[in-house]
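The values are calculated or read from the model by the stated rules, or taken from the named source; none is laboratory data. All figures in this text were calculated on a predicted structure; none of them were measured in a lab. A quick note on method: Cβ atoms are made from the backbone with ideal geometry, for glycine too, and the neighbour counts reach across all protein chains shown. These accessible areas exclude ligands, DNA and RNA; they are computed on the full protein's heavy atoms, side chains included. Shrake-Rupley method; radii C 1.70, N 1.55, O 1.52, S 1.80 Å.
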Amino acid sequence: MLQTADHLQPRVRFEYAGDTTKDILCSAHPFTMHGMLPLKILVVPFFLALITLAARRWGPGVGGLLAGFPVVTGPILYFLAIEQGSAFAAIAAKGSLLAVVACVGFGIVFSLSALRFSWESSLVLGWTGWLVIAGVFTVVPVPLPLFACVTLAILAAWLGRRVVSVQRGVAAAGSALPRSELMARMVAGALLVLIVTTIASVVGTQWAGLMAMFPVLGSVLGVFSLRRNGPLYVAQLFRGMFLGFISFATFCTTVSLLLREFSPAQAFGLSALTAILVQGIVYWAATQALVFRDANDSHGRN
């Protein structure tokens, strides 16, 4: 039987339309963040290596698309459902939708900054953009229904792809990636997870939920890609990531809905399958759009 609000802390309610933005984003607690630390330290470096190799093989757009998939957030939400109850996990999934907006903000600022500045300056500016957007969500007490949250996430992803434009041509792939750099990316990801988790444990519950959605993957991939491959590669990477956020939004939305009626295993299994299907459709649609655009360009030149 689904847990009710009586089994949770008083401030957490299983009322989707009535939860305020601040309630949703403050659903992660310091002890929960530390409890998920071993999982994140294992998953993040492995996924960073997978994305890096995929980007080398199929291009930065595909690597970014994979980075947008909820491989890190999904397991965290599942364990939240097991440890804290389905209602708690449903609200956390809803909060993750809003955190997507902040992650898109980071990607936009980093990509645009990379055109003019060094990777250090781009990273600082990107984190600043993330903090500003996240800060807005922590203070706005406006009730947001689930539909509004997923709409904001998808609109942010669409806006990100519109703002971060790419020049025609193929981004520089660079020379063969040495194992030392691959390991450096994995170590950087693990260290950033440790730093973010430590900060989340001292900033209080108001920011802890958002810190769980800190752009760790985007930070590491953006910095190393800019240093090695240049700003065009970074732009293609983040455009792919923004596209991947559509499947992320699909996953969080279905989790938030299905946890009302199904067990965590069933809800997350169905949500993962739905997200994979949407990811495939989105990738196919983006590929067809690219082919159509290139065909029109060739016709125009003739």
> Which residues, counting only those in the range 220-262, are surrounded by fewer than 22 Cβ atoms within 10 Å (Cβ to Cβ) and among the hydroxyl-bearing types (Ser, Thr, Tyr)?
Replying inline: 254
> What residue, of 166, 193, is at pLDDT below 80 and surrounded by 18 or more Cβ atoms within 10 Å (Cβ to Cβ)?
Replying inline: 166
> Here are some conditions: (1) surrounded by fewer than 24 Cβ atoms within 10 Å (Cβ to Cβ); (2) within 27 Å of residue 276 (Cβ to Cβ); (3) in contact (Cβ under 8 Å) with a residue 40 or more places away in the chain; (4) aromatic (Phe, Trp, Tyr). Residue 147 meets all but one. Which one does it not meet?
Replying inline: (3)
>> Considering only residues that are open to solvent by 10 Å² or more (accessible area, probe 1.4 Å) and either outside any helix (DSSP H, G or I) or under 12 Å from residue 214 (Cβ atoms) (or both), which ones fall in the range 101-120?
In response: 103, 115, 116, 117, 118
>> Can you go through 109, 124 and tell me which one is at pLDDT 90 or above and either at positive phi or under 17 Å from the mean Cα position of the chain (by Cα) (or both)?
In response: 109
> Which of (1) in a helix (DSSP H, G or I); (2) within 20 Å of residue 278 (Cβ to Cβ); (3) not charged (D, E, K, R) does residue 80 not meet, given it meets every other one?
Replying inline: (2)
> Given 123, 98, 152, which one is without any contact (Cβ under 8 Å) to a residue 60 or more places away in the chain, surrounded by 15 or more Cβ atoms within 10 Å (Cβ to Cβ) and part of a helix (DSSP H, G or I)?
Replying inline: 152
>> Need the failing condition index for residue 64 against (1) over 20 Å from the mean Cα position of the chain (by Cα); (2) small (Gly, Ala, Ser); (3) at pLDDT 90 or above, just the number.
In response: (1)
> Can you pull out the residues in the range 100-124 that are under 18 Å from residue 137 (Cα atoms) and out of contact with any helix residue (DSSP H, G or I) (no Cβ under 6 Å at 6 or more places or on another chain)?
Replying inline: 103
